[in-house]
Amino acid sequence: KAGVTQTPRYLIKTRGQQVTLSCSPISGHRSVSWYQQTPGQGLQFLFEYFSETQRNKGNFPGRFSGRQFSNSRSEMNVSTLELGDSALYLCASSFGGSGNTIYFGEGSWLTVV
Amino acid sequence: DAKTTQPNSMESNEEEPVHLPCNHSTISGTDYIHWYRQLPSQGPEYVIHGLTSNVNNRMASLAIAEDRKSSTLILHRATLRDAAVYYCILSPSGTALIFGKGTTLSVSS
């Protein structure tokens, strides 16, 4: 079956702009979570959506937001981009239960210049 | 969130078994133990997870101590493709994973 799909894979934005990243989860999965990976901070949890509701949230500023649609697809948005937002953004999906397996996508590489 | 402690790096030879340790002395009763690995420029790949009992799958085995304060990921026969950063993660929710720095595994031929 198809894995977690993220688009776009690579993008370059200018400081101050905003960006929207998209994630299509594995069919049947209702939980979608987002992570940021940078060389300095490693992999950090951003937030998780389950059935269109944000269920968990990491420690990121309000410039980072997300949403989930009725078909479980999810988007995350970063407004007023800063140079430090340059990172690999990873999406993961699962059925949503505590013992379920979580599958990651290949990520979206964002460069802010 | 409960923390895990892993060695920064480990080395292995091809075809040999690899035992990757993880300490989690503050684990709670509802924490699942997850293992993921990540190759450069790729998303993390699920390896295995468990709660109390030892677990086996086609990739690896997970041995969980009786008091659950430590666990060991076992790769039965290391290959060059197993060279990666291995993360041991505790999660009660199963959906908000808190990653540490992991163990960088090097495999030599």
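Every number here is computed from the coordinates shown, using simple stated rules; none is lab data. Note that the structure is predicted; figures quoted are calculated from it, not measured. Ideal geometry is used to build each Cβ from the backbone, glycine not excepted, and the neighbour counts take in all protein chains shown.
Filter the range A:32-70 for residues that are more than 9 Å from every other protein chain (Cβ to nearest Cβ) and aromatic (F, W, Y); which is nearest to A:I102 (Cα to Cα)? Restricting to residues being more than 9 Å from every other protein chain (Cβ to nearest Cβ) and aromatic (F, W, Y), the top hit is A:W34.
Those residues that are in a strand (DSSP E or B) and either free of Cβ contacts under 8 Å to residues at least 24 places away in the same chain or at the interface with chain A (Cβ under 10 Å from one of its Cβ atoms) (or both), I need them from the range B:63-109; list them, please. Hits for the range B:63-109 are B:A63, B:V85, B:Y87, B:I89, B:S91. If you go through the range A:71-113, how many residues are aliphatic (A, V, I, L, M), part of a loop (DSSP other than H, G, I, E, B) and either at positive phi or within 14 Å of another protein chain (Cβ to nearest Cβ) (or both)? The qualifying residues number 1. If you check B:I98 against the conditions, is it over 10 Å from the mean Cα position of the chain (by Cα), among the aliphatic types (A, V, I, L, M) and surrounded by fewer than 20 Cβ atoms within 10 Å (Cβ to Cβ)? Yes: the conditions hold for B:I98. Do we have B:L39 as over 14 Å from B:C22 (Cβ atoms), touching a helix residue (DSSP H, G or I) at 6+ places or on another chain (Cβ under 9 Å), surrounded by fewer than 17 Cβ atoms within 10 Å (Cβ to Cβ) and more than 8 Å from chain A (Cβ to nearest Cβ) here? For B:L39, the condition - over 14 Å from B:C22 (Cβ atoms), touching a helix residue (DSSP H, G or I) at 6+ places or on another chain (Cβ under 9 Å), surrounded by fewer than 17 Cβ atoms within 10 Å (Cβ to Cβ) and more than 8 Å from chain A (Cβ to nearest Cβ) - is met. Per the conditions (1) within 24 Å of B:I89 (Cα to Cα); (2) more than 14 Å from the chain's Cα centre (by Cα), the sole criterion not satisfied by A:G84 is (1).
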